[in-house]
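Just so you know, all these numbers are worked out from the coordinates, no wet-lab data involved. Predicted model, so just to flag it, every value in this text is computed and none were measured. Cβ sites come from the backbone with ideal geometry, for glycine too, and all protein chains shown count toward neighbours.
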Amino acid sequence: MRISKVSTRKGDKGRTSLGTGERVDKDHPVVEFMGEVDELNSQIGLSISFCENESLIRDLSSIQQDLFNIGGEASLLNSDLNLLKEDRLDFLELNIKKYNENLPPLKEFILPGGNQFCAQLHINRAVSRRVERACVALSSEGVSVKNWLPYLNRLSDYFFVLARNVSSEKGAKEILWDRS
């Protein structure tokens, strides 16, 4: 589907078209899900603007591509497409393991922060969780979410260990939750 005109006025009454052509209310679970995926993708784009590591920029950009694939499939409600390949879950798991290897064990919850890049990675983590919840809601409505849930679940873990790793590499102090 190619968009030749941005403003069509067809959504002015609270309805939108899915990739199938079907018209649905803008608060339909699939529209909510696609909006959450879009926000996460935008947050990752902001992260990339803070990143100086070319390899990490490629990794984050590949995650953006994955999210576009997921959003595109979602707009086609229960299609047979499977654009998110199984090896993408492996990619996340391998990177989680790699980034976690040299980190000290957690003794307490970590407050988001450290530096601007780390704080943004924590925002990505939190938004990933929201995308995952929207995916569960979509599944509860009977929409096929294919292999998206494991991927989205790992994605928040990926951003968490990546934020900790970047914090460590940049010498930023992790701020621990104070129970008092």
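Mind pulling the angle between the C-alpha long axis of helix 29-50 and the longest principal axis of the chain? Nearest 10 degrees, somewhere in 0 to 90.
40
Note the angle between two axes, namely the Cα long axis of helix 116-140 and the longest principal axis of the Cα atoms of the chain, as a number of degrees from 0 to 90, rounded to the nearest 10.
For helix 116-140, the angle is close to 40 degrees.
Kirkwood hydrodynamic radius of the stretch 50-92 from all distinct Cα pairs, in Å?
11.5
Output the 0 to 90 degree angle, nearest 10, between the alpha-carbon long axis of helix 54-74 and the longest principal axis computed from the alpha carbons of the chain.
Computed tilt is about 30 degrees.
Filter the cross-link list LYS107/LYS146; LYS85/LYS170; LYS85/LYS107; LYS26/LYS146; LYS26/LYS98; LYS146/LYS170 down to pairs whose alpha-carbon distance in this structure exceeds 30 Å.
Cα-Cα > 30 Å for LYS107/LYS146; LYS85/LYS170; LYS85/LYS107; LYS26/LYS98; LYS146/LYS170; rest within.
What's the longest uninterrupted piece of the chain once you rule out the trypsin sites (Lys or Arg not before Pro) that are loop residues per DSSP with at most 13 other Cβ within 10 Å?
Longest gap between qualifying sites, sites excluded: 108-169.
Where in the stretch 131-180 are there chymotrypsin sites (Phe, Trp or Tyr not before Pro) that are in a DSSP coil and have at most 12 other Cβ atoms within 10 angstrom of their Cβ?
Answer by residue number: TRP177.
Let me have the 222 nm mean residue ellipticity of the chain computed from DSSP H runs of 4+ only, each contributing -39500 (n - 2.57), with the sum over all residues rounded to the nearest 500.
Helices in the chain give a 222 nm mean residue ellipticity of -20000 deg cm²/dmol.
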